[in-house]
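Everything on this sheet refers to the single structure shown next.
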Amino acid sequence: MLFKKKVSLVVTERTKDTKPFIVPQIETEDEKDKYKRDRFVSPVFGRKAKDEIVIPTPHERKGDYDLQYDSFRTEPKLSKEDKKRRYGSEYHEFDLISGSNLTEALGNAEKTKRPQEAPEIYPAPKEDIFEEPVEKPKTNITDFFDVKKEVEKPKEKKEKISIITAPKSMNKFNTEYQLPPLSLLTKPLKKETDHSEWIEGQIDVLDRTIEEFKIGGKVVNHTKGPTVTRYEIALDSGVNVRKIVNISDNLKMALAAKEIRIEAPIPGKSTVGIEVPNLKPEIVHFIDILSKPEFKNDALLNVALGLDIDGKGVYASIAKMPHGLVAGATGSGKSVCINTILMSLLFQYTPDELKLMLIDPKMVELASYNDLPHLLTPVITDAKIATAGLKWAVEEMDRRFQVFSNERVRDIKSYNDKIINEGNSDIMPYVVIIVDELADLMMVASNSVEEAIMRLTQKARACGMHLIIATQRPSTDVIKGTIKSNIPTRIAFSVSSYIDSMTIIDSAGAEKLLGRGDMLFSESGQPQIRVQGAFISDTEIYNVNEFIRGQRSSEYQFDQDKLIKKASQSESSDELVPEVARYVVLQGECSINKISKEFRVGFNRAQKIVEILSELGVVSTNLGSKARTVNVTMEELDDVLD
């Protein structure tokens, strides 16, 4: 058969049931299983969890939720005041275990303290290389002011160290204080050299190399600067600018140059710039920049940096920066740049108008500025004290904003104008904080330093506080994004790699610099310019500082011991210290775990209390795994606590 008939499957037999057939019945009240309470053990809360049925209510709840949910809690909810009183913090769950506090700096400062010697004044060379002034030269510092010595009055002790406004004893000397004259700086004679033949030879080499690579263009202009010469190349129509950049190595080989830098194109021009080092670089002296009329403008906190390629002075207003970052390799000129910034400020402002906080972890770069009346505190050389100084600056910033709010003014300029119009001479001075090495601070206390710098760079501009940071390690773990985002003005010196240049100025170019003051200056909203930094010698710095010290002695608002004590008091004050001290003396030993259980406080707070007792001399220092010993009796304890 071709086709088969489909056979349909028909069930003929019933399969056996796996379970007996049951007809459901309605249970009576006695037959129903009643709910029985059992001692429930929670894997999270243990036996303290309540085994109760919670029936959700369909209607909207109103009233105090804390009171409504108290019946489901094992312990009543604590308010923020109760948490702060019991645990020392409103959010004690997030407290972290902190290491040794800032008080360790007292011991470290004494160990690392070195006697500071006055820098030697090197005599001028015997050769007649300096210009002879027409008038009689003033060779001694005392020639600039009267010989009569005034009797120094005893200084009044100040209880509040957070106020940095100039005291009356300073303001009465306003008319007598003299700004340092430019004659304190030396000006050597310039030897003019003619490099026109060498420049013409370089132009021929550039034209020939460009023609060999079949790139349409030629050198149309050149500008000789103190360190480099910039050659401007005009390309033919339709020539890609990248062609010049691609043959940079060939141009460097043809010119036999140590390093070249290409600007394609030059900002504001229709030409490509090639910067080639000069045969003999010229030294830009600080007095040449300071004597220009552009320096004596109305810009606030104006500082002199150096000369650009066109030979024009480069000046920057710290008030417009408002914060600066200086970075580069060792020996590239960072410290000299910091000295020129400080000298520019000292030549313009009196101690009543400007205050300085200098942080120098290297202990040698800024030591010559000690005992100046402009300083808020002696030059800070300890990294932990520097951290406390930055925290003080944050508190001072908040205090100034509170004063502005009370006086209904916007910034420090409006406040000082209002004070002067009212006939009061106690103006609010500007504060410039200079950190000579940020890497050392980030190694000691990265989180606290980063937080303080971030707050200062965000808000301190309006209250007249400005921050300038210098570092020789421009890596991302030192110059973090939170620090760099609020510092728009950057100065990049010579670095070793393209990555370091990107970290500092967000572009390449710093790896092509020559060192010895050669820098790229990037100001907020302006294109980068290449600047040869000004040079100032140690002798000139010493002469200017001695001239200022001769007029007025140092008037520190606080010293480093008070700064550490204030920081320690704000961090280590605890209301449980007397009770814990008596408990420890009665027990005869000091254990953090026992204190934590006895007083129902967290481990972090108990550890801080024990450290405070150790500083007071009640208990011994850390003995490892053993409990600390008690050093005083109950009678001696009352004297210690008082």
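Restricting the search to the range 469-484, which residues are in contact with a helix residue (DSSP H, G or I) (Cβ under 7 Å, 6 or more places away or on another chain) and either small (Gly, Ala, Ser) or not in a loop (DSSP other than H, G, I, E, B) (or both)?
Of everything in the range 469-484, those that are in contact with a helix residue (DSSP H, G or I) (Cβ under 7 Å, 6 or more places away or on another chain) and either small (Gly, Ala, Ser) or not in a loop (DSSP other than H, G, I, E, B) (or both) turn out to be Ile469, Ala470, Thr471, Ser475, Thr482, Ile483.
Taking Val431, is it open to solvent by less than 60 Å² (accessible area, probe 1.4 Å), in contact with a Lys or Arg (Cβ under 6 Å, 6 or more places away or on another chain) and either touching a residue at least 24 places away in the same chain (Cβ under 8 Å) or in a loop (DSSP other than H, G, I, E, B) (or both)?
Judged against the criteria, Val431 is a match.
I'm checking my understanding of the structure. Among residues of the range 411-423 that are in contact with a helix residue (DSSP H, G or I) (Cβ under 9 Å, 6 or more places away or on another chain) and open to solvent by 30 Å² or more (accessible area, probe 1.4 Å), which one is nearest to Phe401 (Cα to Cα)?
This residue is Asp411.
Please verify whether Ile420 is modelled with pLDDT of 90 or more and among the β-branched types (Val, Ile, Thr), treating the condition exactly as stated.
no
Right, Leu520: more than 13 Å from the chain's Cα centre (by Cα), open to solvent by less than 10 Å² (accessible area, probe 1.4 Å) and over 30 Å from Asn406 (Cα atoms) or not?
Judged against the criteria, Leu520 is a match.
Being under 26 Å from Leu179 (Cβ atoms) and either modelled with pLDDT under 90 or among the aromatic types (Phe, Trp, Tyr) (or both) narrows it down to one of Gln528, Gln551, Gln569, so name that one.
On inspection, the qualifying residue turns out to be Gln551.
Would you check if there is a residue in the range 398-408 being of a type in the set (Lys, Arg), modelled with pLDDT of 90 or more, over 17 Å from the mean Cα position of the chain (by Cα) and assigned to a helix (DSSP H, G or I)?
yes
Do you know which residues across the range 319-362 are hydrophobic (A, V, I, L, M, F, W, C) and either within 13 Å of Asn545 (Cα to Cα) or more than 18 Å from the chain's Cα centre (by Cα) (or both)?
Correct list: Ala329, Val336, Leu342, Met343, Leu345, Leu346, Phe347, Leu354.
List pairs: first in the range 289-309 and at positive phi, second open to solvent by 60 Å² or more (accessible area, probe 1.4 Å) and part of a loop (DSSP other than H, G, I, E, B), Cβ under 9 Å, 6+ apart or cross-chain?
Leu301/Lys320
Which condition does Pro351 not pass, out of (1) in contact (Cβ under 8 Å) with a residue 24 or more places away in the chain; (2) within 24 Å of Met442 (Cα to Cα), if it passes all the others?
(2)
Okay, residues lined up against (1) at positive phi; (2) surrounded by fewer than 23 Cβ atoms within 10 Å (Cβ to Cβ); (3) part of a loop (DSSP other than H, G, I, E, B); (4) not charged (D, E, K, R):
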| residue | (1), (2), (3), (4) |
| --- | --- |
| Met321 | no, yes, yes, yes |
| Val326 | no, no, no, yes |
| Ile338 | no, yes, no, yes |
| Gln348 | no, yes, yes, yes |
| Pro351 | no, no, yes, yes |
| Lys355 | no, no, no, no |
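Tell me, which residue of the range 253-301 that is closer than 18 Å to Ser317 by Cα, out of contact with any helix residue (DSSP H, G or I) (no Cβ under 9 Å at 6 or more places or on another chain) and not charged (D, E, K, R) is surrounded by the fewest Cβ atoms within 10 Å (Cβ to Cβ)?
Once the filter is applied, the top-ranked residue is Pro293.
Looking only at the range 233-252, which residues are under 29 Å from Gly313 (Cβ atoms) and open to solvent by 10 Å² or more (accessible area, probe 1.4 Å)?
Ala234 - this is the single residue of the range 233-252 that is under 29 Å from Gly313 (Cβ atoms) and open to solvent by 10 Å² or more (accessible area, probe 1.4 Å).
Restricted to the range 581-595, and to residues that are under 42 Å from the mean Cα position of the chain (by Cα) and of a type in the set (Gly, Ala, Ser), which residue is surrounded by the fewest Cβ atoms within 10 Å (Cβ to Cβ)?
Ser591
Taking the condition of being under 23 Å from the mean Cα position of the chain (by Cα), hydroxyl-bearing (Ser, Thr, Tyr) and more than 19 Å from Val276 (Cα to Cα), how many residues in the range 483-517 meet it?
Number of matching residues: 5.
Among (1) on the phi > 0 side of the Ramachandran plot; (2) out of contact with any Gly (no Cβ under 6 Å at 6 or more places or on another chain); (3) surrounded by 20 or more Cβ atoms within 10 Å (Cβ to Cβ), there is one condition Gly331 misses while meeting the rest; what is its number?
Just one mismatch for Gly331, condition (3).
What number goes with the only condition from (1) over 30 Å from Glu396 (Cβ atoms); (2) not in a loop (DSSP other than H, G, I, E, B) that Arg490 does not pass?
All conditions are met except number (1).
Ala393 - would you say it is farther than 21 Å from Leu356 by Cβ and open to solvent by less than 30 Å² (accessible area, probe 1.4 Å)?
No.
Select from the range 610-642 the residues that are β-branched (Val, Ile, Thr) and under 16 Å from Tyr583 (Cβ atoms) and list them in ascending order.
If the condition is that a residue be β-branched (Val, Ile, Thr) and under 16 Å from Tyr583 (Cβ atoms), then Val610, Ile612, Val618, Val619, Thr629, Val630, Val632, Thr633, Val640 are the ones that fit.
Of all residues in the range 463-489, which are within 21 Å of Ser335 (Cα to Cα) and open to solvent by 20 Å² or more (accessible area, probe 1.4 Å)?
Within the range 463-489, Gln472, Arg473, Ser475, Lys484, Pro488 qualify.
Kindly indicate whether Glu540 is open to solvent by 50 Å² or more (accessible area, probe 1.4 Å), assigned to a helix (DSSP H, G or I) and either within 28 Å of Gln458 (Cα to Cα) or among the charged types (D, E, K, R) (or both).
no
The values are calculated or read from the model by the stated rules, or taken from the named source; none is laboratory data. Model, not experiment: these values are computed from the prediction. Virtual Cβ from ideal backbone geometry, glycine too; neighbours counted across all protein chains shown. Accessible surface areas use protein heavy atoms only, side chains included; no ligands, DNA or RNA. Shrake-Rupley method; radii C 1.70, N 1.55, O 1.52, S 1.80 Å.
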